[in-house]
Amino acid sequence: MDKTLRILLIIEEIPDISQRQLAKRTGYSLGTVNGMLQKLIDKNHIVSKAITPNHYIYEITSSGDSLKASLLYDFIIDGYEIIGKVRTQAKKVIEESVRQGIFMFYLYGQEDALFKLIKMSLIEYKRKAAIDYESIESMDQVDTGASYRILVWNKELIEMNDHVVNVLLNHSDVSN
């Protein structure tokens, strides 16, 4: 997410947030937050009103609202494009696996938004072919007696092999 958009969204939610709290919430340095707030004030996207000598309330102006709307629009458009790419990649992995005679899929990872996208791709493909899938919490839950593919999408490093495929990686072909 764009840094400016993140700052504006937080200010909108918590107008009396301190710069230190804003830095902690965004993960940006205090200097970065201070500089960004000053630029937003200089461009009249926000105004600051002193409550006490060390505490301010930030108010988003109409030009700040326009900026936020524009940045939010761009963020959403980019997000949908990325979602489409993840779904296409997941479908590609599933289709290639089925061509190789693999009809059992295991989803291994946190049940987050990516999990839902991959599961949706499996549900859609299940309408075309007799595939099955299951969510697992441990690799020990895999039935190794049949052909299978484990689909992962995690940020942490998981050893890839013939059975484990990270759907976020670009696969020209999925090995059997």
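Rule-based calculations on the coordinates, nothing more; no lab input. Owing to the predicted nature of the structure, the values given are computational and were not obtained by experimental measurement. Glycine also receives a Cβ, built like all others from the backbone with ideal geometry; neighbour counts cover every protein chain displayed.
Output the pairs from Lys126/Lys155; Lys68/Lys116; Lys92/Lys119; Lys24/Lys116 with a Cα-Cα distance over 19 Å in this structure; if there are none, say none. Going by Cα-Cα distance, Lys126/Lys155; Lys68/Lys116; Lys24/Lys116 fall outside the 19 Å limit. Our estimate of slack between Glu124 and Ser48, defined as 0.36 nm per intervening residue step minus the Cα-Cα distance, is 22.3 nm. Taking other C-beta atoms within 10 Å as the exposure proxy, Val164, Val33 rank Val164, Val33 from fewest upward. Considering only Gly145, Gly101, Gly109, the mean-square fluctuation computed in a Gaussian network model of the chain, springs between alpha carbons under 10 angstrom, is largest for Gly145. Legend: Rg and Dmax of segment 83-166, from Cα coordinates, 11.8, 34 Å.
For the chain, with only Lys/Arg (+1) and Asp/Glu (-1) charged at the beta-carbon, what is the dipole magnitude about the Cα centre, in debye rounded to 20? Walk me through the numbers before you get to the answer.
Values: 21 positive and 24 negative charges, 101 e Å.
For this selection, approximately 480 debye.
If I take R0 = 22 Å and measure r between the Cβ atoms of Leu30 and Met1 in this structure, what FRET efficiency does the formula 1/(1 + (r/R0)^6) give, to the nearest 0.05?
So, using R0 = 22 Å, E works out to roughly 0.70.
With springs connecting C-alpha atoms under 10 Å apart, model the chain as a Gaussian network and identify which of Ser97, Ser121, Ser138 has the largest mean-square fluctuation. Looking only at Ser97, Ser121, Ser138, the largest GNM fluctuation is found for Ser138.
In this rough spin-label picture, where each label sits 7 Å from Cα along the Cβ direction, the Tyr80-Leu168 distance is 2.3 nm. Projected onto its three principal axes, the C-alpha set of the chain covers 70, 30, 24 Å, listed from the longest axis down.
Using the Karplus relation 6.51 cos²θ - 1.76 cosθ + 1.60 with θ = phi - 60°, the per-residue 3J(HN,Hα) values for segment 159-164 come to 5, 7, 8, 4, 9, 9 Hz, with x marking Gly and Pro.
Exposure proxy shown here: for Leu22, Leu107, the number of other Cβ atoms within 10 Å sets the order, fewest to most, as Leu107, Leu22.
Using a 10 Å cut-off around each Cβ, can you sort Arg20, Arg149 from fewest to most neighbouring Cβ atoms? Write out the running numbers ahead of the final one.
Working: Arg20 11, Arg149 24.
If I rank by nearby Cβ atoms, fewest first, I get Arg20, Arg149.
Taking a ≥ b ≥ c as the square roots of the Cα gyration tensor eigenvalues, segment 3-60 comes out rounded, since a/c falls below 1.5.
The DSSP beta bridges internal to the chain are antiparallel in roughly 35% of cases. Summarising the label geometry, the points placed 7 Å from Cα in the beta-carbon direction at Met104 and Ala146 lie 0.5 nm from one another.
Which of rounded, prolate, oblate describes segment 55-120, given a ≥ b ≥ c as roots of the alpha-carbon gyration tensor eigenvalues and a/c under 1.5 marking rounded, otherwise prolate only if a/b is larger than b/c? Working shown, then result.
Numbers: a/c = 7.49, a/b = 2.82, b/c = 2.65.
Cα axes put segment 55-120 in the prolate bin.
For a modelled paramagnetic label at Leu72, 7 Å from Cα along Cα-to-Cβ, the residues of segment 15-32 in reach, with backbone nitrogen under 16 Å, are 15.
For the pair segment 59-81 and segment 114-136, the centres of their Cα atoms are 33 angstrom apart.
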